[in-house]
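Down below is the structure, laid out as structure tokens.
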Amino acid sequence: MPLREQIEAIAKRQTSEFTAEDRKVFEELKHALNRGEVRAAEKSSDGQWSVNSWVKQGILLGFRMGKLTEMSGGSVLKFFDKDTYPLRPTTSEENIRIVPGGSSIRDGAYIAPGVVCMPPMYVNVGAWIGTGTMVDSHALVGSCAQIGERVHLSAAAQIGGVLEPINASPVVIEDDVVVGGNCGIYEGTVVRERAVIGAGVVLTRSTPVYDLVRETIYRASSEQPLEIPAGAVVIPGARAVSKPWGKDQGLSVQTPIIVKYRDDRTDAATVLEEWLR
Ligand SMILES: CC(C)(COP(=O)(O)OP(=O)(O)OC[C@H]1O[C@@H](n2cnc3c(N)ncnc32)[C@H](O)[C@@H]1OP(=O)(O)O)[C@@H](O)C(=O)NCCC(=O)NCCS
């Protein structure tokens, strides 16, 4: 039976009891995810991204069938500190989930050869990262996020994850995009190729983005995620609150603005040192 049908059959049972056979199916899914053979979302020939709900269903099954266990580091990774302040010992009986830290790539994520990961950073299950991409320090690649080739995820860039609901689209960052430092890109936002997201921009399903060049406003709808056009240069902006009381208080709200489309100047401002790759 194809993997998809096996996952769907297990999910359909709605049980918290799993057999060794079920675990084998989940291991097969992780194996396929690790190798990039299956993906949480895929781009179709018309350029639209669609979710593979069964893959997300399988990832969620992994959480349901997992049991707490010790996962200590090896003998090479060592730490030194004052003997008065040793690490507090923890055991699985405490029922706390402590996810392995530092730079971690969770099992079930595809990382293409040639990707550079600067510590600390974290890549969650179901994520897909294309070749030549740089994942800088303190960057997060959330569950199922799809990151293209030659992307720069700058320091502290947060790419949100999405596992539930299973048909919800993950964040997509297409090829050659630059995501500046301290950005937050969440809730299924699609950033089309070569776009530049300036440092500090936050994009969610509720964020309208004003395009000064094309004189239009981009928003998510109930069917479509927020989409940043190819080559757009987005910077953090503000817009005045229009409701009378807010206006009287002189308030404004955060509003990302597309100030231009990528040009030579942008390329010069965002060039990555080749030797780092
Ligand atoms: C977006 C970015 C790349 C600038 O792109 P650019 O094409 O060089 O932009 P320009 O300098 O031509 O600026 C275009 C306009 O936007 C304004 N602008 C550009 N970046 C801005 C920012 N971050 N905040 C506010 N205004 C900004 C400029 O002042 C200019 O306005 P003007 O036309 O009124 O003078 C840059 O702002 C940025 O965020 N870089 C990422 C830095 C970073 O995170 N590095 C990672 C380190 S790990």
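Selection of first residues in region 77-95 that are over 24 Å from P119 (Cα atoms) and of second residues that are among the hydroxyl-bearing types (S, T, Y), restricted to Cβ pairs under 7 Å at least 6 apart or on distinct chains, gives the following pairs, ordered by first then second residue: S92/T69. The set of residues from region 96-126 being in contact (Cβ under 8 Å) with a residue 40 or more places away in the chain, closer than 17 Å to I173 by Cβ and touching a Cys at 6+ places or on another chain (Cβ under 8 Å) comprises just one member, G126. For region 66-82, the count of residues that are at pLDDT 75 or above, within 28 Å of the chain's Cα centre (by Cα), surrounded by 10 or more Cβ atoms within 10 Å (Cβ to Cβ) and of a type in the set (G, A, S) is at least one. Taking region 208-222 as the range and being within 16 Å of the ligand (Cβ to nearest atom) and of a type in the set (S, T, Y) as the test, only Y210 passes. When the strands (runs of 3 or more DSSP E) confined to region 223-277 are screened for residues that are at pLDDT 95 or above, within 10 Å of the ligand (Cβ to nearest atom) and open to solvent by less than 80 Å² (accessible area, probe 1.4 Å), those reaching at least 2 such residues are found at 232-235, 257-261. Within region 154-164, track down each residue that is touching an Asp or Glu at 6+ places or on another chain (Cβ under 9 Å) and either open to solvent by less than 10 Å² (accessible area, probe 1.4 Å) or more than 13 Å from the ligand (Cβ to nearest atom) (or both). Hits for region 154-164 are A157, G160, V162.
Evaluating P2 against the criteria (1) open to solvent by 30 Å² or more (accessible area, probe 1.4 Å); (2) closer than 20 Å to R106 by Cβ; (3) at pLDDT 95 or above leaves one unmet condition, (2). Taking the conditions (1) exposed (fewer than 15 other Cβ atoms within 10 Å of the Cβ); (2) more than 16 Å from the ligand (Cβ to nearest atom); (3) part of a loop (DSSP other than H, G, I, E, B) in turn, R205 satisfies each one other than (1). Out of the residues in region 121-153 meeting the condition of being out of contact with any strand residue (DSSP E or B) (no Cβ under 8 Å at 6 or more places or on another chain) and open to solvent by 40 Å² or more (accessible area, probe 1.4 Å), tell me which one is nearest to I98 (Cα to Cα). Once the filter is applied, the top-ranked residue is H138. Out of everything in region 175-189 that is farther than 11 Å from A139 by Cα and open to solvent by less than 10 Å² (accessible area, probe 1.4 Å), what residue ends up being farthest from the ligand (Cβ to nearest atom)? Restricting to residues being farther than 11 Å from A139 by Cα and open to solvent by less than 10 Å² (accessible area, probe 1.4 Å), the top hit is G188.
For N167, indicate whether it is more than 16 Å from the ligand (Cβ to nearest atom) and either touching a Gly at 6+ places or on another chain (Cβ under 7 Å) or among the basic types (K, R) (or both). Judged against the criteria, N167 is not a match. Restricting region 83-106 to residues that are at pLDDT 85 or above and either surrounded by 12 or more Cβ atoms within 10 Å (Cβ to Cβ) or touching a Ser or Thr at 6+ places or on another chain (Cβ under 8 Å) (or both), the residue that is farthest from S154 (Cα to Cα) is S92.
The values are calculated or read from the model by the stated rules, or taken from the named source; none is laboratory data. Remember, predicted model here, so these are calculated numbers, not experimental data. Every residue, glycine among them, receives a Cβ derived from its backbone with ideal geometry; neighbour counts consider all protein chains shown. Surface areas here come from the heavy atoms of the whole protein model, side chains and all, with no ligands, DNA or RNA. Shrake-Rupley method; radii C 1.70, N 1.55, O 1.52, S 1.80 Å.
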